[in-house]
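Asks: Input: one structure, supplied below.
The values are calculated or read from the model by the stated rules, or taken from the named source; none is laboratory data. Please read all numbers here as calculations on a predicted model, not as lab measurements. So basically every Cβ, Gly included, is an ideal-geometry build from the backbone, and we count neighbours across all protein chains shown. Surface areas here come from the heavy atoms of the whole protein model, side chains and all, with no ligands, DNA or RNA. Shrake-Rupley method; radii C 1.70, N 1.55, O 1.52, S 1.80 Å.
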Amino acid sequence: MARAAVPRRLGGRLRWKPARLTDRRVESQVARTLVFEVPDWPGHLAGQHVDVRLTAEDGYSTQRSYSLASAADGEHVELTVQRVDDGEVSPYLTEDLAVGDVVELRGPVGGWFVWRPEQKEPILLVGGGSGLVPLMAMIRMRRAVGSRTPFRLVYSVRSPEHQLFVSELRLDDPGLDKTYLYSRSTPPQWPRPPGRFTASDLSSAGWPPDFEPTCYVCGSTGFVETAAGLLVALGHHPARIRTERFGPSQ
Amino acid sequence: MSQTPDFLDGNAAAGELQSVFGTDMTMASGRCRGCDEEMVLAQAHAYLGGPGMVLRCPGCEGVLMRLVRSPSQMWLDAGGLAYVQMPVPA
């Protein structure tokens, strides 16, 4: 069951906390969900980040910022990590880290790219590839609190094999409309040929600008620039578009 | 100047900034001294690949803030910001 975030604990100076891997789930060919147990986790808002720090035996240490994938749920925190082949951290997290291993985690952080259940305006979620992760946290939070706020998800992904959260998004979530756009290859008999998403994809699957939706756009830098530009061209006010870029360093 | 695509949002720097300032700096607002653009720092372009962290203006790509950490010292240069208005630390 979702636990409300405690805002006064979201501020304050951050400390690294030990986080123990308790489960790992396959999400796609290249993505894994890592479930961590973090004692005294203060709760979080959908869309927030954590920093993960890894330290080698020789003392070398490196850190990365990841979006939280789960709705707030006690002391459990889920990250969905897509492997970047030449990456330094993601291959380790997705393949080498074993259940029972401990990493250090700092957060939750960030109050900008978040959806709060008290928001009543319609929501447009536009995700590219692993940019779906923080948007999924919003979808899960909406479900966990029983919100009836209308959501529309437009998910652009290379191929069905790269799709995240397939079975969960197949579930019926009343008030959540889902549109999948495949850029390289589609499922059999898919009506839309593979290709980059366009203004007409966004206008048919999104909300009219005069509904004044808040738009959350997350993906690679190029995806975010393109999608945010199309939304502005369609008439959405820039102040209603919140973006989050996932770079190669992720 | 030309934009290199290798940046993230100010959000990606949230942890580092909060560990220094003790408050959520991504919701802090500021004004670029170079082009007068006003923004919340979550909208700044964050370059995290170097030895340290650089935030640039989403309007003119001017450097807003640099934060470099060594094992014992931190170096903060926020000279590109005319002001920062931030939440009071908890």
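Asks: Report those strands (runs of 3 or more DSSP E) wholly inside segment B:1-82 carrying at least 1 residues which are in contact with a strand residue (DSSP E or B) (Cβ under 7 Å, 6 or more places away or on another chain) and away from chain A (no Cβ under 14 Å).
Replies: Fully inside segment B:1-82 and qualifying: B:29-32, B:63-69, B:74-77.
Asks: Oh, and also: Have a look at A:64, A:53 and point out the one that is within 30 Å of residue A:119 (Cα to Cα) and open to solvent by 10 Å² or more (accessible area, probe 1.4 Å). Let's see the steps before the verdict.
Replies: Working: A:53 fails: within 30 Å of residue A:119 (Cα to Cα).
So the residue among A:64, A:53 that is within 30 Å of residue A:119 (Cα to Cα) and open to solvent by 10 Å² or more (accessible area, probe 1.4 Å) is A:64.
Asks: Filter segment A:21-43 down to residues that are open to solvent by less than 50 Å² (accessible area, probe 1.4 Å), out of contact with any helix residue (DSSP H, G or I) (no Cβ under 8 Å at 6 or more places or on another chain) and modelled with pLDDT of 95 or more, then give me how many there are.
Replies: 5
Asks: While we're on this one: Taking interchain pairs and intrachain pairs at least six residues apart, which have beta carbon atoms under 6 angstrom, with the first residue in segment A:82-102 and in a helix (DSSP H, G or I) and the second aliphatic (A, V, I, L, M)?
Replies: A:90/A:81; A:90/A:84; A:93/A:81; A:94/A:81
Asks: Restricting attention to segment B:60-69, which residues are open to solvent by 50 Å² or more (accessible area, probe 1.4 Å) and more than 9 Å from residue B:34 (Cα to Cα)?
Replies: If the condition is that a residue be open to solvent by 50 Å² or more (accessible area, probe 1.4 Å) and more than 9 Å from residue B:34 (Cα to Cα), then B:66, B:68, B:69 are the ones that fit.
Asks: Can you name every residue in segment B:29-42 that is surrounded by fewer than 22 Cβ atoms within 10 Å (Cβ to Cβ) and either touching a Leu at 6+ places or on another chain (Cβ under 9 Å) or not β-branched (Val, Ile, Thr) (or both)?
Replies: Across segment B:29-42, the qualifying residues are B:29, B:31, B:33, B:34, B:35, B:36, B:37, B:38, B:39.
Asks: Considering each of A:225, A:244 in turn, give the residue that is crowded, with 19+ Cβ neighbours inside 10 Å, of a type in the set (Asp, Glu) and within 14 Å of chain B (Cβ to nearest Cβ). Lay out the reasoning, then the answer.
Replies: On the way: A:225 fails: crowded, with 19+ Cβ neighbours inside 10 Å.
Just one listed residue meets the conditions, A:244.
Asks: Moving on. Run residue A:190 past the list (1) open to solvent by 50 Å² or more (accessible area, probe 1.4 Å); (2) outside any helix (DSSP H, G or I); (3) within 21 Å of residue A:31 (Cβ to Cβ) and report the number of the one that doesn't hold.
Replies: The single condition residue A:190 does not satisfy is (3).
Asks: Counting only residues that are in contact with a strand residue (DSSP E or B) (Cβ under 7 Å, 6 or more places away or on another chain) and either more than 19 Å from residue A:246 (Cβ to Cβ) or not hydrophobic (A, V, I, L, M, F, W, C) (or both), how many does segment A:55-82 have?
Replies: 15
Table: residues versus (1) modelled with pLDDT of 95 or more; (2) in contact with a Phe, Trp or Tyr (Cβ under 7 Å, 6 or more places away or on another chain); (3) within 14 Å of chain B (Cβ to nearest Cβ); (4) within 21 Å of residue A:30 (Cα to Cα).
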| position | (1), (2), (3), (4) |
| --- | --- |
| A:63 | no, no, yes, yes |
| A:73 | no, no, no, no |
| A:86 | no, no, yes, yes |
| A:90 | no, no, no, yes |
| A:110 | no, no, yes, no |
| A:116 | yes, no, yes, no |
| A:119 | yes, no, no, no |
| A:136 | yes, yes, no, yes |
| A:152 | yes, yes, no, no |
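Asks: Collect the residues in segment A:31-58 that are assigned to a loop (DSSP other than H, G, I, E, B) and in contact (Cβ under 8 Å) with a residue 24 or more places away in the chain, keeping them in residue-number order. Give the steps one after another, and end with the answer.
Replies: At the first step, the residues of segment A:31-58 found to be assigned to a loop (DSSP other than H, G, I, E, B) are A:38-45, A:47-48, A:56-58.
Hits for segment A:31-58 are A:38, A:39, A:40, A:41, A:42, A:43, A:44, A:45, A:47, A:48.
Asks: Also, quick follow-up: Yes or no: residue A:47 touching a strand residue (DSSP E or B) at 6+ places or on another chain (Cβ under 8 Å) and on the phi > 0 side of the Ramachandran plot?
Replies: Here the answer is yes, as residue A:47 does meet what is asked.
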